[in-house]
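So the structure is just underneath, and the comments pick up after that.
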Amino acid sequence: MTKGEETKQFILEKAAPIFNTKGIAATAMSDIMEATKLSKGSMYVHFENKDVLACAAVDHNMKILGDKLIAQISKAKTAKEELYTYIEFFSNAVNPPLTGGCPLLNFGTEADDTNPVVKEKINKGIQLNQQLLENSITKGIANGEFKADWNAEDFATVIFAMMEGGHLMSRMSGNNDKMKVIIKTLKNLIEENSI
């Protein structure tokens, strides 16, 4: 990595949690400058403008979260364990796996009407999460862990939507009480469809 690439990566690593916590609109370049101790000129050498940096921060946050999730899921020995691992990974919204919380929820809520580039990035992230869940269910059906008539695509949507909704409710209330109800419900549904 060249010195310039190192500096660009450094800026991105400092900026990503700020954008994820404050949002794109509320994050000022001065926030990034304060975190990096770099001048505005130095920042603009590596990122043309705030929008370019914000898009890179969205990608960075989603990659970090995805890498952490896959690292956990890859330890699972069965499809059922994969589903449980996914649920447990996102179970503590008050102390989430990524600073600022879930970037899909954070950036998706902000960008849905304002930023088509970020909206598309988040939409792809949602699709990847749902596909990951659907693949686990499909694998479990093939392995004889789950009932053959379980609709993998529908349940992947249910898991994702309930976990994101629980994340929002927990972040707003400052506790995980609602998330615990959601987790219990999802695990019961998994058990009902297990053989």
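Return yes when Asn151 is more than 16 Å from Thr185 (Cα to Cα), within 13 Å of the chain's Cα centre (by Cα) and polar (S, T, N, Q) and no when it is not.
Details: more than 16 Å from Thr185 (Cα to Cα): yes; within 13 Å of the chain's Cα centre (by Cα): no; polar (S, T, N, Q): yes.
No.
Could you please give the count of residues in segment 34-45 that are at pLDDT 95 or above and touching a Ser or Thr at 6+ places or on another chain (Cβ under 9 Å)?
1
Residue by residue, here is whether (1) surrounded by 13 or more Cβ atoms within 10 Å (Cβ to Cβ); (2) hydrophobic (A, V, I, L, M, F, W, C); (3) at pLDDT 95 or above; (4) more than 19 Å from Gln72 (Cβ to Cβ) holds:
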site: Asn106; (1), (2), (3), (4): yes, no, no, yes
site: Asp112; (1), (2), (3), (4): yes, no, no, yes
site: Asn135; (1), (2), (3), (4): yes, no, yes, no
site: Thr138; (1), (2), (3), (4): yes, no, yes, yes
site: Ile141; (1), (2), (3), (4): yes, yes, yes, yes
site: Ala152; (1), (2), (3), (4): yes, yes, yes, yes
site: Lys184; (1), (2), (3), (4): no, no, yes, yes
site: Leu189; (1), (2), (3), (4): yes, yes, yes, yes
site: Ser194; (1), (2), (3), (4): yes, no, yes, yes
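Take Lys124 and tell me if it is buried (at least 16 other Cβ atoms within 10 Å of the Cβ), free of Cβ contacts under 8 Å to residues at least 40 places away in the same chain, at negative phi and of a type in the set (Lys, Arg). Let's see the steps before the verdict.
On the way: buried (at least 16 other Cβ atoms within 10 Å of the Cβ): no; free of Cβ contacts under 8 Å to residues at least 40 places away in the same chain: yes; at negative phi: yes; of a type in the set (Lys, Arg): yes.
So Lys124 fails the test.
Given Asp112, Asp67, which one is of a type in the set (D, E, K, R) and either out of contact with any helix residue (DSSP H, G or I) (no Cβ under 7 Å at 6 or more places or on another chain) or under 19 Å from Met179 (Cα atoms) (or both)? Give the derivation first.
Working: Asp112 fails: either out of contact with any helix residue (DSSP H, G or I) (no Cβ under 7 Å at 6 or more places or on another chain) or under 19 Å from Met179 (Cα atoms) (or both).
Residue meeting the stated conditions: Asp67.
If the requirement is being charged (D, E, K, R) and either assigned to a helix (DSSP H, G or I) or in contact (Cβ under 8 Å) with a residue 12 or more places away in the chain (or both), which of these qualifies: Glu88, Glu48?
Details: Glu48 fails: either assigned to a helix (DSSP H, G or I) or in contact (Cβ under 8 Å) with a residue 12 or more places away in the chain (or both).
None of the other options fit; the residue is Glu88.
The values are calculated or read from the model by the stated rules, or taken from the named source; none is laboratory data. Bear in mind that the values here come from a model prediction, so they are computed numbers and not experimental data. Every residue, glycine as well, gets a Cβ built from its backbone with ideal geometry; the counts of neighbours run over all protein chains shown.
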